[in-house]
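Structure record follows, encoded as structure tokens.
The values are calculated or read from the model by the stated rules, or taken from the named source; none is laboratory data. Predicted model, so just to flag it, every value in this text is computed and none were measured. Neighbour counts run over all protein chains shown; Cβ positions are idealised from the backbone, glycine included. Remember, those area values only see protein heavy atoms, side chains included, never the ligands or the DNA or RNA. Shrake-Rupley method; radii C 1.70, N 1.55, O 1.52, S 1.80 Å.
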Amino acid sequence: MTTHAGRTSPLTGPTVADVSGPSRLAELDETISAEELQLAARNHGIPLEALRYDVTPAGLHYLLIHYDIPALDPATHTLSIGGAVDRPLTVTLADLRERQRVTQQVTLECAGNGRALLHPRPVSQPWLVEAVGNAEWTGTPLAPLLREAGIDPEAVDVVFTGADHGVERGVEQDYQRALPIADALREEVLLAYEMNGAPLLPQHGAPLRLIVPGWYGMAHVKWVHSIELRTEPFEGYQNAVAYRVRRDADDPGVPVTRIEPRALVRPPGFPDFMSRRRVLRPGPCTLDGRAWSGHAPVVAVEVTTDGGESWAPAELDPTDAGDFAWRRWRYEWVATPGRYVLGARATDASGRTQPVEQQWNRGGFANNMAQRVEVVVPAE
Ligand SMILES: Nc1nc2c(c(=O)[nH]1)N[C@H]1C(S)=C(S)[C@@H](COP(=O)(O)O)O[C@H]1N2
Ligand SMILES: [Mo]
């Protein structure tokens, strides 16, 4: 009888690769599993009523942590910059705090937002629409630090390594993501040590994380301790295997990068405990919510009250929060007794907008299908 190498042999026992299977699509009638629930309970979304705050309070901001939250001591934490540079350097948190200090609002959204609404459902963190937040990040710009290290003109990628470690689809790894050098050198990219005016919380990357305004969440490496410039494209797991838009498992796909436009409705009225369906009294009602895009500023938001059959323009609030922060929109509605499905869709200055039907891909990434909020307006 033949045995699988490393599986049944008493000498080697199971391998690390044995702890997780390949990525999977749920059967069409398969409900959310205990494994997906386990992820959802660790990685919570923004409660949609918190769309009322310009700046999301830290505890209401969504979370996505692939492995365990590492415990790092800010007093001894260092960041090393090496690889294809003339002068490798290592800096402490105190060194970084003495450098130029920048504060900016940045909307973060997980690339898997919307995944659990896809048919068939890619089995992973089962986000509905709530994997978003808009925080005020403070830190020092990355580009001057890289320039001080002396960038090799041949450098193509910059690899950021976090202090968290795990195994994913059989591959043991530190969380690592690369950015193309041109994107890493953009002036808005920060090494952030504060969120909303306080030191980073453990779950948000304490004591140091990358902020890449406009990009989906996976690029904003938390617990970062090492930056390495490379003259060859980085082929690490999170760039080459995960976070690619693929038609099927064999398609090499294209990398997930910037955030597609999205608008969310702050659900009006009050919810049913179980279904979260809304109950709204009849009469005039200001609908509102937030809209964002990582490609270009949002220029229009439209609202539907009939599940996407018809759309009407919403008003965009003036903003001084910058191009990378979400923007508030509002729409005056008179609710009359009946059942409604509310939604909103954003269009940005690049002409990108949101589909009403799903744009399916194998990993469930960058899916910005318009939201559906069921509302019942009872007769008085
Ligand atoms: N080191 C490390 N950085 C990470 C992650 C991680 O698991 N480990 N998750 C990424 C993903 S997928 C997202 S969406 C964002 C979430 O950031 P937040 O938890 O602060 O909202 O962090 C990114 N940075
Ligand atoms: Mo994410």
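With every protein chain present, what is the per residue accessible area of the range 165-242 (1.4 Å probe, Å²)? List each step's numbers first, then the result.
Values: 2620 Å² over 78 residues.
Here the residues of the range 165-242 average 34 Å² of exposed surface.
With all protein chains present and a 1.4 Å probe, how do F273, F160, F365 order by accessible area, largest first?
Highest to lowest solvent-accessible surface, that is F273, F365, F160.
If you bin the C-alpha pair distances of the range 270-380 every 5 Å from 0, what whole percents do you get?
2, 11, 18, 21, 18, 14, 9, 4, 1, 0
Need one word for the range 203-300: rounded, prolate or oblate. Basis is the Cα gyration tensor (sqrt eigenvalues a ≥ b ≥ c); a/c below 1.5 gives rounded, then a/b vs b/c decides.
prolate
Compute the FRET efficiency between E148 and S350 as 1/(1 + (r/R0)^6), taking r as their Cβ-Cβ distance and R0 = 35 Å, and round to the nearest 0.05.
That gives a FRET efficiency of 0.55.
Could you work out the percent of alpha carbon pairs in the chain separated by over 30 Å, rounded to a whole number? Spell out each step's value before the answer.
On the way: 31112 of 72010 pairs.
Across the chain, Cα pairs with separations above 30 Å total 43 percent.
Run the simple label-point estimate for T90 and A182 please: 7 Å along Cα→C-beta, distance reported in nm.
Simple spin-label model gives 3.5 nm for this pair.
If contacts are Cα pairs under 8 angstrom and at least 6 residues apart, what is the relative contact order of the range 262-377 in percent? It would help to have the intermediate numbers written out before the result.
Details: 269 pairs, mean separation 38.3, N = 116.
Relative contact order for the range 262-377 comes out at 33 percent.
When the accessible area of the chain is computed with all protein chains present and a 1.4 Å probe, what percentage of it is carbon and sulfur?
Whole-percent figure for carbon plus sulfur exposure: 53.
Work out from phi, with θ = phi - 60° and the Karplus expression 6.51 cos²θ - 1.76 cosθ + 1.60, the ³J(HN,Hα) of each residue of the range 301-308, listed in order in whole Hz, and give x for Gly and Pro.
Each residue of the range 301-308 in turn: 10, 10, 10, 10, 10, 10, x, x Hz.
List the residues whose amide H sits under 5 Å from the amide H of G170, counting only those 5 or more places along or on another chain, with H placed 1.01 Å from N in the peptide plane.
Here S20 satisfy the definition.
Can you give me the relative contact order of the range 7-249 as a percent, contacts being Cα pairs under 8 Å and 6 or more apart? Let's see the in-between values first.
Working: 501 pairs, mean separation 59.2, N = 243.
Relative contact order, the range 7-249: 24 percent.
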